[in-house]
Structure formats: C-alpha cells, structure tokens
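Visitor: Supplied in structure tokens, the structure appears directly below.
The values are calculated or read from the model by the stated rules, or taken from the named source; none is laboratory data. These numbers were taken from a predicted model, which means no experiment stands behind them. Positions of Cβ are backbone-derived with ideal geometry, glycine not excepted, and every protein chain shown enters the neighbour counts. To get the accessible areas, we keep the full protein, side chains included, count just its heavy atoms, and leave off ligands, DNA and RNA. Shrake-Rupley method; radii C 1.70, N 1.55, O 1.52, S 1.80 Å.
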Amino acid sequence: MGLIFKMTEKEKCAIFIDGGYFNKVSKSFFNEPKIDYLKLSEKISSDLNLTRLRTYFYHCLPIVRKDNKEDVVKQSNMQKFLSNLKRLPRFEVKLGRLQFICNQFKQKMIDVLMSLDIATMSYENQIQHAVIIAGDSDFVPAIKKAKEYGIIVHLYYHPSSAHNEILDEVDELHEINQEFISSCLVE
C-alpha cells in the first residue's frame, strides 16, 4: 500500500503599508532609498514563509497650491509612482487625502481605510497573517479585532518611530533596519 502525502498549503498573508509612515522612515533613517515594492513584498512573505495574497499601499496625493509649480511636479511624480505600483502583481493602492492643519500636512482617512481592510480580511478569513508596516497607535483596534478572529499580526517598524501601544499589541515584531532596506532596493 503506497503512502499518500498531502501537500500542505502555506498560510496566506496580506501586507498593509502606510506609505506616509514608510516614506518617513526611509527618508529619516536610510537616506531615502529607491524601494522596489514587489521585492519588499516578496521578501516579507518569503522570510515569514507565507503566501502573499495581496499588498495594500495607502497614501495621499500631494496638495497642489495655486500657482505652485513645485506642487504640480510633486503630484505628477506621485501619480506616476502610484500608477506603477498598481501595475505590480497583486498590489492595490488606496488613497486618503492631505489636509493642511496647524501649519502641517496631515494624512486623513489612511488609518481608517487600512484598519477596515485589516478587520474585513480577518473577519472574512481571507488571510491567516496580517503584515503591517506602520507605527501609529490608531491601528490598535483593528489589530485587536484581527487577533480576535485568530489572525497572527506582524509589525514591520523602525524602533525610533513606532508608538508603544502598537508595539505591545501585535504578535510579532520585525525591525526595519539597513539589511532589510538593502534587500528591497531598485536595481
């Protein structure tokens, strides 16, 4: 009688990237490298031994102030970047909007969009792992909800720019360091 081996399928993950957070980390700590987001996604899923269902990238288009040519260039560059991301396999781009509040540009709706996606995909059992690149404690309720549904939550973060509440809530921490960044560069 022959043995029958059942191939076990890898567990699925979705990667949720707060683009504003990741840009800030890249600029502040790694000299603003050119990141290959497909490489980044493949590295994460490979390192965690998971199958990537999809990568979600959340960001805002720059505000274009009246008669400001620099703003027009920034917005055009961001639109090209986002168009290229959308064409990557299993990538989705979701946009919030920027508002000028207290002399600062602030992202609006990003945390809500990302939190809804994390909670919905967890509830619908589409994934077994949620991989989050963020540092904001606003994601804690979504993380708690995902964990209630049995999801393992991973956080990729930089130690100098992540809130203690999110660090305390996730299941596994993965530091964004020079080695990680170097493995995700555009060639």
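Visitor: For segment 141-187, enumerate the residues that are of a type in the set (Val, Ile, Thr) and in contact with a Ser or Thr (Cβ under 8 Å, 6 or more places away or on another chain).
Guide: 151, 166, 181 - these are the residues of segment 141-187 that are of a type in the set (Val, Ile, Thr) and in contact with a Ser or Thr (Cβ under 8 Å, 6 or more places away or on another chain).
Visitor: May I pose another question? Please determine whether any residue of segment 146-162 is outside any strand (DSSP E or B), of a type in the set (Gly, Ala, Ser) and open to solvent by 80 Å² or more (accessible area, probe 1.4 Å).
Guide: The answer is yes; a qualifying residue exists.
Visitor: Only residues in segment 163-187 that are in contact (Cβ under 8 Å) with a residue 60 or more places away in the chain count as the first member; pair them with residues that are part of a loop (DSSP other than H, G, I, E, B) and surrounded by 13 or more Cβ atoms within 10 Å (Cβ to Cβ), Cβ under 7 angstrom, at least 6 apart or cross-chain, and list the lot.
Guide: Partner pairs satisfying both residue conditions: 176/158; 181/33; 184/36; 185/33; 185/36; 186/36.
Residues checked against (1) without any contact (Cβ under 8 Å) to a residue 12 or more places away in the chain; (2) in a loop (DSSP other than H, G, I, E, B); (3) of a type in the set (S, T, N, Q):
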position: 61; (1), (2), (3): no, yes, no
position: 64; (1), (2), (3): yes, yes, no
position: 84; (1), (2), (3): yes, no, yes
position: 93; (1), (2), (3): no, no, no
position: 98; (1), (2), (3): no, no, no
position: 113; (1), (2), (3): no, no, no
position: 119; (1), (2), (3): no, no, no
position: 132; (1), (2), (3): no, no, no
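Visitor: Give segment 46-63 a look and list any residue that's open to solvent by 10 Å² or more (accessible area, probe 1.4 Å) and under 17 Å from the mean Cα position of the chain (by Cα), or say none.
Guide: If the condition is that a residue be open to solvent by 10 Å² or more (accessible area, probe 1.4 Å) and under 17 Å from the mean Cα position of the chain (by Cα), then 46, 47, 48, 50, 51, 52, 53, 54, 56, 59, 61 are the ones that fit.
Visitor: Within segment 64-101, how many residues are open to solvent by less than 60 Å² (accessible area, probe 1.4 Å), within 27 Å of residue 42 (Cα to Cα) and charged (D, E, K, R)?
Guide: The qualifying residues number 1.
Every residue, every condition in (1) out of contact with any strand residue (DSSP E or B) (no Cβ under 8 Å at 6 or more places or on another chain); (2) surrounded by fewer than 13 Cβ atoms within 10 Å (Cβ to Cβ); (3) over 17 Å from residue 60 (Cβ atoms), yes or no:
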| residue | (1), (2), (3) |
| --- | --- |
| 114 | no, no, no |
| 121 | no, no, yes |
| 137 | yes, no, yes |
| 143 | no, no, yes |
| 174 | no, no, yes |
| 185 | no, no, yes |
